[in-house]
Amino acid sequence: MVNKRIFSDSKDQAIYLGSSLVGNTGNLGIPLGIALFGTASVPYTSILNIANVFFIYIFSVYFFAKDQFSFKQALQSIFKIPAIWFAFIALAFNYYQLPIGEHFNRILEMGSYTAIVMQLVIFGIYLSQVKVRTTAWKLSFHVSFVKHILLPAVGLGVILLSSLNPYVAAILLMELMVPLAVNNVNMAALYNCRPHDVTSTILISSLLFIALIYFYLEIIRYFFGLGF
């Protein structure tokens, strides 16, 4: 509703729509949940991460791709992403309680750890090429405002109006507060949508998260009465 009023460039619009709501709920959200709420938080943070994966590989892919392709091609690009199919397979295995062999599970673990490393390597490569003078400050400001102010505020309002258990509500709010996901760089690079600007936006979001995490924790403590 507002992106075209904020940005005149179509690529800025695509980045704004595709990345603002995508948080680092996996690499950061799950470990942070364990640190704050214990291992009992893993089922909740994991399912929130799965929801985030679907958002990334459906909506974010569409937003990043639509600047390069037609509407039909942008929709087709969603179904060409392997992660979306593996997410469905993973949910099916979980829902039907299908057993996974120990050795095959070890292969999956090795693949997941490798993917995390590769994501960070790609992020580091693009980060090494980011220059302060050419940083898209306007884009970073607006994306960070949505991610760190607007989204947590709206999320808190919805949570307070719901009947969620305080423990679950605190975990959900924490996941809404985490900084932007590195996956955004992958999507931007894949669809040639200014990956360097996306990288600098992620860096600024991460630095803001470090500065705001104390206040975030105080908000969670105040509204949900949880100690850390």
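Every number here is computed from the coordinates shown, using simple stated rules; none is lab data. Not measured: the values here are computed from a predicted model. Glycine gets a Cβ as well: all are built from the backbone with ideal geometry, and neighbour counts include every protein chain shown.
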Which whole-number value in Å³ per residue fits the convex hull of the alpha carbons of the range 109-179? 106 Å³
Rg (Å, one decimal) plus Dmax (Å, integer) for the alpha carbons of the range 116-225? 15.9, 48
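May I ask you to list the chymotrypsin sites (Phe, Trp or Tyr not before Pro) in the range 27-108 that are in a DSSP loop and have at most 16 other Cβ atoms within 10 Å of their Cβ?
PHE69, PHE79, TYR96
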In whole Å, what are the Cα extents of the range 1-130 along the three principal axes, biggest one first? 51, 33, 29
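Taking the Cβ-Cβ separation of THR39 and VAL168 as r and a Förster radius of 22 Å, what is the calculated FRET efficiency to the nearest 0.05?
According to the calculation, E is roughly 0.90.
For the chain, what does -39500 (n - 2.57) per DSSP helix run (n ≥ 4), summed and divided by total residues, give at 222 nm, in deg cm²/dmol to the nearest 500? Intermediate values should be presented prior to the final figure.
On the way: 13 runs with 161 residues, N = 228.
That calculation yields -22000 deg cm²/dmol at 222 nm.
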Which one, ASN49, ALA14, THR114, projects farthest toward the positive side of the charge dipole computed for the range 3-224 from Cβ point charges (K/R +1, D/E -1)? ALA14
A chain fully extended from VAL2 to ALA211 at 0.36 nm per residue, minus the present Cα-Cα distance, gains in nm 72.5 nm
Cα convex hull volume per residue for the range 3-224, in Å³, equals 142 Å³
In whole Å, how far is the Cα centre of the range 145-170 from that of the range 183-200? 28 Å
